[in-house]
Amino acid sequence: MSIVTLQLGQCGNQIGHEVFSAICGDVHGTHGLCSKKENESYHDACQERFFSEEESGGPVARAVLVDMEPKVISQTLSIAARSGYWKYDDQSHFCQKQGSGNNWANGYSVHGPKHKEVIMNLVQKEAEKCDRLGGFFTIMSMAGGTGSGLGAFVTQCLRDAFPTSFILNHVIWPYGTGEVIVQNYNSVLTLSHLYRSSDALLVHENDAIHKICAQLMNIKQISFRDVNQVIAHQLGSVLQPVYTAESGSHYSRNPLGDLMETLVPHPEFKMLGLRNIPQMPEDSLAYSTFSWPALIKHLRQMLIANAKMEEGGFQDPSLYTSWLNPQDAFRAWKTPRAFNKYEKSAALVSNSQFLLKPLDNVVGKAWNMFASKAYIHQYTKYGIEEEDFLDSFTTLEQVISSYTTL
Ligand SMILES: Nc1nc2c(ncn2[C@@H]2O[C@H](COP(=O)(O)OP(=O)(O)OP(=O)(O)O)[C@@H](O)[C@H]2O)c(=O)[nH]1
Ligand SMILES: [Mg+2]
């Protein structure tokens, strides 16, 4: 099955580009340390999932690019074309002259309705190129105006137009010491709206990835590009073709469905986090060896870092909420094909309390600003009323309370 990716706003477009680039670089640039036959079927599965084939031959990303300003999109299109490996469809993007100015209301209430038809037509065209559509993967930040506001609007439109398709929203959590003064408002509005229409929110925190770049990748001057490459590697390792218990000796066909089935058993719990090991500079890889038991143990330690629990495997019932049977709570996917130059690597997607503190923090800060009515007029002037803020706070308070009692 194929996934249609929507890249929204600056952040969404820059990360989306790195994701396709990581996947394509992996498929075309390495042999995956496996048999030729294995590599070929992996290649075919990857191709179907992320790329369509153009008549002239090269892979074309199954993506729609949207931003309200032209700069990032034109850069993204041209870097991809210059790679020589793959490109974007030159019809499959939409931009305007001026961004949403970090104003969620502008993206959601102005740009969204105004450009709905054009954007949804592009999505429809991309969906029709898929023999079998496995769902939508959207990428956006939640602190700006376009990715967050327009992204929330477009997600609602996707839900209406494709009621039975999976929608996975990848969301970038802003730096705590953020650059955008109203980032907590934008975040609260984005999360609450996505919670209503998305199947799951896969969250990366910029602070956490920044730390990985500094401590594990040894990068001195960390740029968005560095951060995005780590994110792309992590996303790629989850979205790459794998064997599941059900798929047997074929690569699994339904990447988003497989993810949601185990990870989102209840509509109140939609926040997914992603951890990946090992992560290190490319030139250190040649000198490192890893064993599967050590990788799995490390991954588990990362999961329970904040919780006091005994050592054990992922079958350990104390890892999971009591209303889930541990057999249903954990699924392992495997492939003998290496990913992105790592001979062995493991990724863990979890639906856990990992975002509880950051979420509480963002909601608290936004509430304090709201209580003093700071900047509210910038939202009401585009039609987002105080009532809408209150609804959003209520939705997220409920999410916080659910995760707290997990
Ligand atoms: N990881 C990562 N974060 C980014 C990137 N670009 C922007 N951000 C984060 O995204 C937030 C700002 O949102 P943008 O994506 O720039 O905003 P936008 O969607 O283009 O919206 P407007 O510019 O208001 O139209 C801040 O929290 C930034 O830290 C990127 O390439 N990578
Ligand atoms: Mg922008």
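Under the condition of being away from ligand 1 (no atom under 16 Å from the Cβ), touching a Ser or Thr at 6+ places or on another chain (Cβ under 8 Å) and not charged (D, E, K, R), the residues counted in the range 149-170 number 4. Scanning the range 116-143 for residues that are free of Cβ contacts under 8 Å to residues at least 12 places away in the same chain and either within 11 Å of ligand 2 (Cβ to nearest atom) or over 16 Å from ALA61 (Cβ atoms) (or both) yields GLU117, ASN121.
Before we move on, is THR138 within 16 Å of ligand 1 (Cβ to nearest atom), part of a helix (DSSP H, G or I) and in the same structural domain as MET68 (by TED's automatic domain parsing)? The answer is no for THR138. Of all the criteria given as (1) surrounded by fewer than 16 Cβ atoms within 10 Å (Cβ to Cβ); (2) not in a helix (DSSP H, G or I); (3) not basic (Lys, Arg), the one not satisfied by LEU348 is (1). Go through the range 1-31 and report how many residues are surrounded by 20 or more Cβ atoms within 10 Å (Cβ to Cβ) and closer than 15 Å to VAL242 by Cβ. Counting residues in the range 1-31 that are surrounded by 20 or more Cβ atoms within 10 Å (Cβ to Cβ) and closer than 15 Å to VAL242 by Cβ gives 4. Does GLN215 meet the test of being surrounded by fewer than 22 Cβ atoms within 10 Å (Cβ to Cβ) and not in a helix (DSSP H, G or I)? No; evaluated as a whole, the condition is false for this residue. Take the conditions touching a Pro at 6+ places or on another chain (Cβ under 9 Å) and under 19 Å from VAL203 (Cβ atoms) and apply them to VAL349. Does it pass? Criteria not met by VAL349. All of SER237, SER223 fail the test of being of a type in the set (Gly, Ala, Ser) and either in contact with a Ser or Thr (Cβ under 8 Å, 6 or more places away or on another chain) or not assigned by TED's automatic domain parsing to the domain that holds CYS46 (or both), apart from SER237.
Residues that are surrounded by fewer than 24 Cβ atoms within 10 Å (Cβ to Cβ) and not in a loop (DSSP other than H, G, I, E, B) within the range 174-190 comprise just one, ASN184. Of the conditions (1) at pLDDT 95 or above; (2) within 25 Å of ASP199 (Cα to Cα), THR76 satisfies every one except a single condition; which number is it? Failed condition: (2).
A Cβ distance below 9 Å, combined with a sequence gap of six or more or placement on separate chains, defines the contacts here; from the range 291-304, residues that are under 17 Å from GLN315 (Cβ atoms) reach residues that are in a helix (DSSP H, G or I) in the pairs ARG300/LEU319; LEU303/LEU319; LEU303/PHE354; ILE304/LEU319. Taken together, THR146, THR177 contain a single residue that is within 16 Å of ligand 1 (Cβ to nearest atom) and touching a residue at least 60 places away in the same chain (Cβ under 8 Å), which is THR146. Any idea which residue in the range 50-74 is farthest from LYS87 (Cα to Cα), counting only those that are within 16 Å of ligand 1 (Cβ to nearest atom) and without any contact (Cβ under 8 Å) to a residue 24 or more places away in the chain? Filtering the range 50-74 for residues that are within 16 Å of ligand 1 (Cβ to nearest atom) and without any contact (Cβ under 8 Å) to a residue 24 or more places away in the chain, the one farthest from LYS87 (Cα to Cα) comes out as LYS71. Set side by side, the residues SER288, SER284 differ, and just one is hydroxyl-bearing (Ser, Thr, Tyr) and either farther than 30 Å from GLN215 by Cα or not in a helix (DSSP H, G or I) (or both), which is SER288. So is SER249 hydroxyl-bearing (Ser, Thr, Tyr) and touching a residue at least 24 places away in the same chain (Cβ under 8 Å) or not? Judged against the criteria, SER249 is not a match. Filter the range 27-37 down to residues that are within 18 Å of LEU239 (Cβ to Cβ) and not β-branched (Val, Ile, Thr), then give me how many there are. Matching residues across the range 27-37 total 3. Within the range 240-273, the residues that satisfy the criterion of being within 17 Å of THR335 (Cβ to Cβ) and buried (at least 16 other Cβ atoms within 10 Å of the Cβ) are GLN240, PRO241, VAL242, TYR243, THR244, TYR251, SER252, ARG253, ASN254, PRO255, ASP258, LEU259.
The values are calculated or read from the model by the stated rules, or taken from the named source; none is laboratory data. Keep in mind that this is a model prediction, so the values were computed, not measured. Neighbour counts are summed over all protein chains in view; Cβ atoms, including those assigned to glycine, are modelled from backbone coordinates with ideal geometry.
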